[in-house]
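Since the structure comes first, as C-alpha cells, the remarks are kept for the end.
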Amino acid sequence: MLIWTLAIVLFGCLGFVGFNIGVIRVTFSFIGLLVASALAWPLGHFMYSIVGFTGVKSPVYQWLLGPVVVFAIILTAFKIAGYSVNRQVDVYYKYKAGDLRMGLWNRLNHRLGLCMGLANAAVYLVLVSMVIYVLSYGTYQLVDGDTAKWYVNYLNKAGKQLQDTGMAKTAVAIDPMPDTYYKAADLAGLIYHNDLLEARLTRYPAFLAIGEKPEFQEIGADKAFTELRQKQPPIMEILDHQKIQAVINNPDLLKEIWGIVVPDMDDFLTFLKTGQSPKYDAIKVLGRWDFDVAAALNLMKRTQTNITVRQMRTVKAIMQAAFSKTTLTATPDNQIIVKNLGKPRTPPPGVKPTMAAVPQPAAGGRQRGGRQRGGPTAPVPTPGVPTEVAPQVDFTSPHGTWSGEGDKFQITLEGLGTMDVKIEGDKMVIAGGAYPFIFDQEY
C-alpha cells in the first residue's frame with residue numbers, strides 16, 4: 001500500500017539521516033517543521049506576487065504555491081541555524097573537551113539524532129498525508145482513471161488509502177483549507193460530470209451580470225468548446241482550452257467570480273441540483289427574459305379592439321423586426337441590461353412597412369412553367385398605392401435599474417424613462433411604451 005510504503009521510507013530514511021547528522025541539526029529541523037507548518041498558510045498570501053515574478057501567472061497556482069514558498073523559507077532558515085550551532089558544538093568537543101568527552105558526546109549525539117529523526121519522519125508523514133488529502137479531494141472528483149496521468153492516479157489511490165488506513169483523520173485535524181475549498185471541489189465535480197448543468201449555471205442570479213462579460217460570451221458561442229465538453233475529456237484538456245485560459249489567467253476576473261461564489265456557495269449548489277434558489281427565488285424580476293412577440297400581439301388585439309387588420313399587419317411587421325431578438329436581464333445589484341432593442345425608423349412618405357416586399361416580375365421578363373427568368377426584383381410602385389417594404393430598425397442596448405418587490409416593479413432605462421413592470425408567472429409585462437412589451441423568462 002502506498003501510505004504504508006511512504007511511512008516506511010520516511011521513517012527509515014530520516015532515522016538514518018538523524019543518526020548521521022546528530023541531534024542538534026535534527027532538533028532544529030523538527031522545530032522548523034512545526035513553526036513552518038503553523039505559519040505557512042497565514043503568511044502564504046504575502047508570497048503571491050513573488051511567485052508571480054517567477055513566471056507563474058495563474059492565480060490558482062499562485063494561491064497553492066504561496067504557502068509552499070513560506071514553508072520552504074522558514075524550514076531552510078532553521079536548518080541553517082541548526083548547522084551553525086552544530087558546527088560550534090563540534091569545534092568545542094573536538095578541540096577543547098578531550099577525547100573521552102568527545103566520544104561520549106558523539107554516541108549521545110547519534111542516538112538522540114536517531115530518535116529526533118523518527119520524530120521528524122512522523123511530522124513529515126502527517127504533513128504529506130494532509131497534502132494528499134487536500135489535493136486528492138479535488139482530483140478524485142474531476143479525473144477519470146482511464147484517461148488520467150499516472151501521477152494523478154497514484155494521488156487518487158493514496159487519497160483512498162488515507163481513508164482506509166485512518167490517516168485521513170489526522171490529515172483533517174491539521175487541515176488549514178477552508179470549507180469553501182471543499183464545497184468548490186464538490187461544485188466543480190458536479191459541473192464536470194453533468195455538462196447539461198452549464199446552462200443552469202449561467203442562469204444563477206448572482207452570475208447574470210458576470211455572464212455578460214466578453215470572456216463568457218465567447219465561451220458560450222464557441223461550438224467547438226461545447227462539443228468538447230459533451231465528450232467529457234480529461235479536465236486538463238478543458239482547462240488548457242484557449243477560451244478557458246483567458247479566464248484562468250485573468251486575476252481580476254477570478255477574484256470577482258470567487259467573491260460571488262463564496263457568499264452564496266450553499267445556495268448555488270442547491271440551485272444547480274434543484275433549479276431553485278432559496279435566496280433569490282422571492283425576487284421574481286431576476287433572470288434573463290426573452291421578448292415574446294406573439295404574446296405582445298395578442299395583448300394588443302385584446303386591448304385595442306378597434307385596430308384594423310391592415311394596421312395589425314403593420315404592427316406585426318414592426319414588432320418582428322424590432323423586438324424578435326430583444327432580451328432583458330435583471331441582476332441582483334438592481335441593474336437592468338437590455339440587448340437588441342429595436343427602434344423603428346419613420347418610413348418616407350408613400351411607403352408602408354410590412355413583413356417583406358412581394359417580388360414582382362421584371363419589366364419585359366419572360367416566364368416559363370410558372371417561373372420567372374432573371375430572378376426576383378424590387379416591387380414596382382403602383383400609383384396611389386403605398387409601397388410596402390421591410391421595416392428599417394436601429395438597434396440599441398440600453399442599461400438601467402430596477403426597484404420594487406413582490407410581483408410589481410419599476411424599471412428605468414436610458415433614453416426611455418421609467419416603466420411599470422408586473423410579473424405574471426413566467427411572464428413579464430411592461431406598460432408605458434408605444435407597444436406592449438411581454439417577456440418570457442429563460443429556464
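Nothing in this text is a laboratory measurement; each read-out follows from the coordinates by a stated rule. Worth saying up front: this structure is predicted, and the values here are computed from it rather than measured. Every residue, glycine among them, receives a Cβ derived from its backbone with ideal geometry; neighbour counts consider all protein chains shown.
For the range 179-274, the gyration tensor built on C-alpha atoms gives a rounded shape. Its axis ratio a/c (a ≥ b ≥ c) stays under 1.5. The sum of -39500 (n - 2.57) across all DSSP H runs of n ≥ 4, divided by the residue count of the chain, sets its helix-only mean residue ellipticity at 222 nm to -18000 deg cm²/dmol.
Across the range 2-173, the relative contact order, built from alpha-carbon pairs under 8 Å that are at least six residues apart, equals 35 percent.
Legend: helices of the chain (whole DSSP H runs) are marked when their alpha-carbon atoms reach 18 angstrom or more along the helix axis and their mean Kyte-Doolittle hydropathy is at least -0.5; marked are 2-21, 23-44, 59-95, 99-142, 179-193, 309-323. Assuming a ≥ b ≥ c are the square roots of the Cα gyration tensor eigenvalues, decide whether the range 263-325 counts as rounded (a/c under 1.5), prolate (otherwise, with a/b larger than b/c) or oblate. Prolate is the answer for the range 263-325, as a/c is 1.5 or above and a/b outweighs b/c.
What pairs from 213/339; 343/422; 183/243; 279/339; 223/243 go past 20 Å between their alpha carbons? Table pairs above 20 Å Cα-Cα are 343/422; 183/243; 279/339. Using the Cβ-Cβ distance between residue 257 and residue 49 with R0 set to 22 Å, the FRET efficiency from 1/(1 + (r/R0)^6) comes to roughly 0.60.
As a length-normalised measure over Cα pairs under 8 Å and 6 or more apart, the relative contact order of the chain settles at 12 percent. The candidate values were (i) 68, 44, 36; (ii) 64, 55, 47; (iii) 129, 55, 40; the one computed from these coordinates for Cα extents along the principal axes in Å carries the label (iii). The GNM of the chain, with springs linking C-alpha atoms under 10 angstrom apart, assigns the highest mean-square fluctuation among 94, 183, 157 to 94. Put +1 on the Cβ of every Lys and Arg and -1 on every Asp and Glu Cβ in the chain; which of 244, 65, 129 then has its Cα farthest towards the positive end of the dipole? Checking the options against the dipole of the chain, the answer is 244.
If you take the square roots of the eigenvalues of the alpha-carbon gyration tensor of the range 2-173 and sort them as a ≥ b ≥ c, do you get rounded (a/c under 1.5), prolate (a/b over b/c) or oblate?
Because a/c hits 1.5 or more and a/b fails to exceed b/c, the range 2-173 counts as oblate.
Looking at the chain alone, DSSP beta bridges between its own residues are antiparallel in about 95 percent of cases.
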